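J.: There's a structure below that I have some questions on.
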Amino acid sequence: MKLIIVATLSLLITGCLSNIDKTRETVLRDYSEKNINESFVVGKTTKKEVIGLLGAPTSPEVYNFKDTWIYYSQKTERHIFLIVPINRDVNKTLILTFDKNKVLTNVKFIDK
């Protein structure tokens, strides 16, 4: 009986473990699909405006002469409460395509 009580108390005291990795999180973390649609307007928004809001894209590294820019943001959040694993990972991807005049032609936002 004492062993069960000690084990239960040990689980309650040390029963919650967490690991949060924000090293791949970028400014994109603050954007929702609504914010994306309001901030980036096809046929109007320019590369310069995108750089002003989001900074340099994640890919490609040399982006000045590329027509497709990709932004990533990743946050890994894992918890264990007693024996129940809880995953709260957040992955966001924004793919922007521009025409030869540096004006936005397509927006694709993925939020997982």
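The values are calculated or read from the model by the stated rules, or taken from the named source; none is laboratory data. In this text, all values refer to a predicted model and were calculated from it rather than measured experimentally. In this analysis, Cβ positions are derived from the backbone assuming ideal geometry, glycine residues included, and neighbour counts consider all displayed protein chains.
J.: From the list Val50, Val103, Val6, pick out the single residue that is more than 23 Å from the chain's Cα centre (by Cα) and modelled with pLDDT of 95 or more.
T.: Every option except Val103 fails the conditions.
J.: Can you tell which of Lys66, Lys44 is within 16 Å of Thr105 (Cβ to Cβ) and modelled with pLDDT under 95?
T.: Lys66
J.: Within segment 62-76, is even one residue without any contact (Cβ under 8 Å) to a residue 12 or more places away in the chain and surrounded by 14 or more Cβ atoms within 10 Å (Cβ to Cβ)? Write out each step before concluding.
T.: As a first pass, look at segment 62-76 and keep what is without any contact (Cβ under 8 Å) to a residue 12 or more places away in the chain: 62-66.
Filter once more, keeping what is surrounded by 14 or more Cβ atoms within 10 Å (Cβ to Cβ): 63, 66.
Checked segment 62-76: at least one residue is without any contact (Cβ under 8 Å) to a residue 12 or more places away in the chain and surrounded by 14 or more Cβ atoms within 10 Å (Cβ to Cβ).
J.: Looking at segment 34-112, what strands (runs of 3 or more DSSP E) fall wholly within it and have at least 1 residues that are touching a strand residue (DSSP E or B) at 6+ places or on another chain (Cβ under 7 Å) and of a type in the set (Lys, Arg)?
T.: 68-81, 90-98, 104-111
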